[in-house]
Amino acid sequence: MKMTKKKLFSDELVQIGPESGYDNYIMAIESSCDETACAVVKNGREVIANVVASQIKTHAQFGGVIPEIAAREHMDSINIVVEEAFKLAYSAEGISPGDITAFAGTVGPGLVGCLLVGLNAAKTLALVYDKPFIGVNHLNAHLCANYIDTELKPPFIALLVSGGHTQIIDVKSYSEQTIIGETIDDAVGEAYDKVARLIGLPYPGGPKLDKMAQEGNPFAFKLPEAKVDDFDFSFSGLKTAVLRLVKSFDGKELPIKDICASFQECVSSTLVKKVKKALEKSGYDQVVIAGGVAANSEIRKKMFDLSAEGYKVFAPPMKYCTDNAAMVASCAYFNTNTFDDINVEVFSRVK
Ligand code: KG4
Ligand code: ZN
């Protein structure tokens, strides 16, 4: 089925997507949290330009993202990243703004003030160059990072793990997906960041905890795996168990590396056990991992171990795991649950 989008100032229709029959160049903007990003992607899979301005250093001093400061930084960076992406697209393939097939922007979920900056920039570009506008769901975009530089096609099972979400998704087709399991309390990234903080690691805690874990003994401490139904998860009890473990040292020096490794072992084995169950139930032979926590070394390793059981395993390279705009462009191209209306408004939580 061909996908048709309307130009903004005329009734002219533009074919977009794998069945359009010509090369599509989609420029996308992402600004849902603390990265201001702009990318140009050819045919949903080939990255022509990928620019990311990170605010990590700004927020590190506060131990977390401060929404108001993040929105202001997006305003400072947005024009710079867009200009840079245009320059890169021109030098890579001679692509000028008028050659862009459509402009896309992240609609949500995310921080409202931050989303507004990027989404308004994407809408403005679509209006200025009279091109279709495509609004993108950030979570779907994370999944689509797996289409970049691969030949992956649905159906597959996806494990989506980020700072705000933990889901197992049955991706039946590019546009048809069902969440078959999710966390009932903390998201995996959130659990990583909270545990990192309580053992004294600086922000951003997730990647630092991962690094420490690689030097520790994963079986030093037995941490509890939550008992929840089918494909759902719960990580708040695990967080409390780590807190209790830390307190048991009563001020004595903490075996930080072993605590990190034991926590990481518990999280990664829980996640992958349920993914395997979902694969068996679906009968699919492909599985992907997505979201910021997909950068985690042990979760990646355990997922790739599934290939020994005959599954095709996909994981985006690190730069497409954390927030970026290339995944947003890919999502717009494959039309995975996107919004066409230029009046679409940002949203903070999953609807
Ligand atoms: O997807 P993302 O960039 O932003 C959200 O949409 O949430 O994910 C950010 C989350 C943070 O919680 C961060 O600590 C976590 O991903 N993270 C990691 C690693 N790299 C990023 N957690 C564990 N291990 C990592 N290597
Ligand atoms: Zn994200």
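What follows is calculated from the coordinates using simple rules that are stated; it is not laboratory data. Values in this document were obtained by computation on a predicted structure and should not be read as measured data. Here the Cβ positions follow ideal geometry from the backbone for every residue, glycine too, while neighbour counts run over all protein chains shown.
Quick notes on this one:
- The calculated FRET efficiency for the pair E309 and E182, based on their C-beta separation and a Förster distance of 30 Å, comes to about 0.80.
- What the Cβ-Cβ distance of K281 and A60 gives, at R0 = 30 Å and to the nearest 0.05, is a FRET efficiency of 0.10.
- If you wrap the tightest convex hull around every Cα atom of segment 1-83 and split its volume per residue, you get 135 Å³.
- Dividing the summed -39500 (n - 2.57) terms of all DSSP H runs of n ≥ 4 by the residue count of the chain sets its mean residue ellipticity at 222 nm at -12500 deg cm²/dmol.
- Relative packing of 11-21, 320-330, which averages over residues the other C-beta atoms within 10 Å, highest first: 320-330, 11-21
- Under 16 Å from a label point set 7 Å out along the Cα-to-Cβ vector of N343, the amide N atoms of segment 3-27 belong to 8-9.
- Globularity index of the chain, i.e. its alpha-carbon radius of gyration over 2.2 N^0.38 Å: 1.01
- Remark on segment 156-316: Rg and Dmax equal 15.7, 53 Å (Cα only).
- Percent antiparallel among DSSP beta bridges (both partners in segment 87-186, rounded to 5): 70
- Full extension of the segment from A92 to S297, taken as 0.36 nm per residue of separation minus the current Cα-Cα distance, would add 70.6 nm.
- FRET E, pair T240, Q214, Förster distance 35 Å, beta-carbon r, rounded to 0.05: 0.90
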